[in-house]
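J.: Right, I'll just put the structure down here and ask away after.
The values are calculated or read from the model by the stated rules, or taken from the named source; none is laboratory data. These numbers come from a predicted model, not from an experiment. Here the Cβ is made from the backbone with ideal geometry for all residues, glycine too, and neighbour counts use every protein chain on show. Side chains are part of the model used for accessible areas, which takes the heavy atoms of the whole protein and leaves out ligands, DNA and RNA. Shrake-Rupley method; radii C 1.70, N 1.55, O 1.52, S 1.80 Å.
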Amino acid sequence: MKSPCPFCLNGDGESSAEHWLPDSWEKYFDVPLVMLDTMSTDGSFKPRRVNNRSPFDMKWDGVCKSCNGSWLKDIDEEASHYLIPFATGRQHDLPAESVLPVALHLTRAALVYTWGHRNQNGYPRELFSDLYRSRRVPLGVRVFVGSVAEPALVGGRHSALTFDGESFAHLVSWTMGRLFALVVLPESGYAPLANRIAAAVVRRSHRKAQLISPLPRGVDLGFRGRALTYEEARLLGQKDGLAFGEPEEPYPRPPEHYLQRLAPLNGNYTSLVRPASAQWAPR
C-alpha cells in the first residue's frame, strides 16, 4: 500500500520526487566536479569518473505531484528573489519584506530533508500537515540565517535531539554559497523547548546566526562583520556543538498539603516555592 503524502496526507494522488533545494538554483553557484575512483570486484581500480552531483540533485519520493508542482513550488519561487542575491554575495542583508518568504522556504527545505532521512532520525510528521494547512511557519519552529565567510556548498545535516530514546526536536542545517541556514523543528508536544534550543544557537554562534522566525515584521537583517567561519557553521548543526543535552526533568508537583498552605495567598507569592531539585519536606 502506498504511503500518503507527508504534507496533504492524500494517499490517492500521483507520487513524485521533491527536491530538497530547487534544482533551478544550481546555475547560480559553482558546483565542483568530484573525481571518483571505483574498485571492481577483483580488487583493481576502474578508470576515474566524474561525479557532479550537488545538493541541488538531492530529492526524495513520496510527496504527491499536486503539492510538489503547486504551493511548494510557489514557496521556493517567492524566496528566490531574496535568497539568490544573498547567497551569491550580491546582497549583504535581508530586507524586512524578505523575512517571511525566506523563513517559509527554509522551513520547507528542512522538512523535506528530514523526510529524506526519516529512516535514520525520524521526522516531525505533524509539522508537515501544519505547513500544508496554514502556509505559514508552524508554531514552535525556529529559523536561523547566517552569512559564511567563504562561499561553500555543503549538503545538509540532520541531528535528532532525544530524551529517553525519543526524539523531541530536529536540527537541520546547510550552507549554500554565503548562506548558512539552521532550522529547529520540534516534535509534537515539545514546542516550548524550541526557545531553549534557539538560545543555545544564539549563544554558540555569538549572535552571528540571526533568528528570522518568529520575528516582528519591519526588521531589516544585516550581516556585515558578522560572518560565520566554516567550523562555526558546522558545529551549530550538531547537538554536541550546541552543548545541548537532554531536557531537564519536569518540575515535580508539590504535595497537596503544601498547596493548601499556599491557597490563602491567592497566587500573590514569588519565592515561597522551593526549587525543583529540592526535596519536599513533610509537614
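J.: Are any residues in the stretch 150-197 open to solvent by 60 Å² or more (accessible area, probe 1.4 Å) and either within 23 Å of Asp23 (Cβ to Cβ) or in contact with a Pro (Cβ under 7 Å, 6 or more places away or on another chain) (or both), and if so, which ones?
T.: Residues satisfying the conditions are Pro151, Arg157, Arg178.
J.: Within the stretch 190-228, how many residues turn out to be out of contact with any Lys or Arg (no Cβ under 8 Å at 6 or more places or on another chain), farther than 21 Å from Leu83 by Cβ and β-branched (Val, Ile, Thr)?
T.: Count: 1.
J.: Please identify the pairs in which a residue from the stretch 78-103 that is under 15 Å from Ile212 (Cα atoms) has its Cβ atom under 6 Å from the Cβ atom of a residue that is surrounded by fewer than 22 Cβ atoms within 10 Å (Cβ to Cβ) and of a type in the set (Phe, Trp, Tyr), counting only partners at least 6 apart or on another chain.
T.: Matching pairs, first to second residue: Ser98/Tyr82; Val102/Tyr82.
J.: From Leu94, Leu111, Leu100, which residue is open to solvent by less than 10 Å² (accessible area, probe 1.4 Å), within 27 Å of Val202 (Cβ to Cβ), modelled with pLDDT under 95 and among the hydrophobic types (A, V, I, L, M, F, W, C)? Reasoning before the result, please.
T.: Values: Leu111 fails: modelled with pLDDT under 95; Leu100 fails: open to solvent by less than 10 Å² (accessible area, probe 1.4 Å).
That would be Leu94, the only listed residue that is open to solvent by less than 10 Å² (accessible area, probe 1.4 Å), within 27 Å of Val202 (Cβ to Cβ), modelled with pLDDT under 95 and among the hydrophobic types (A, V, I, L, M, F, W, C).
J.: Report every pair of residues separated by at least 6 positions or lying on different chains whose Cβ atoms are under 7 Å apart, first residue within the stretch 105-129 and at negative phi, second open to solvent by 10 Å² or more (accessible area, probe 1.4 Å) and of a type in the set (Val, Ile, Thr).
T.: From residues that are at negative phi, the pairs are His105/Ile75; Thr107/Val137; Arg108/Ile75.
J.: Next up: Starting from the stretch 135-159, take each residue that is within 9 Å of Arg178 (Cα to Cα) and list its partners that are surrounded by fewer than 16 Cβ atoms within 10 Å (Cβ to Cβ) and hydroxyl-bearing (Ser, Thr, Tyr), counting only C-beta distances under 7 angstrom and pairs at least six apart or across chains.
T.: Matching pairs, first to second residue: Val148/Tyr230; Ala149/Thr229; Glu150/Tyr230; Ala152/Tyr230.
J.: Can you give me the number of residues within the stretch 203-229 that are at pLDDT 85 or above, open to solvent by 40 Å² or more (accessible area, probe 1.4 Å) and touching a helix residue (DSSP H, G or I) at 6+ places or on another chain (Cβ under 9 Å)?
T.: Final tally of qualifying residues: 5.
J.: Related question: Here is a check on your reading of the model: is Arg226 in contact (Cβ under 8 Å) with a residue 60 or more places away in the chain and out of contact with any Pro (no Cβ under 7 Å at 6 or more places or on another chain)?
T.: yes
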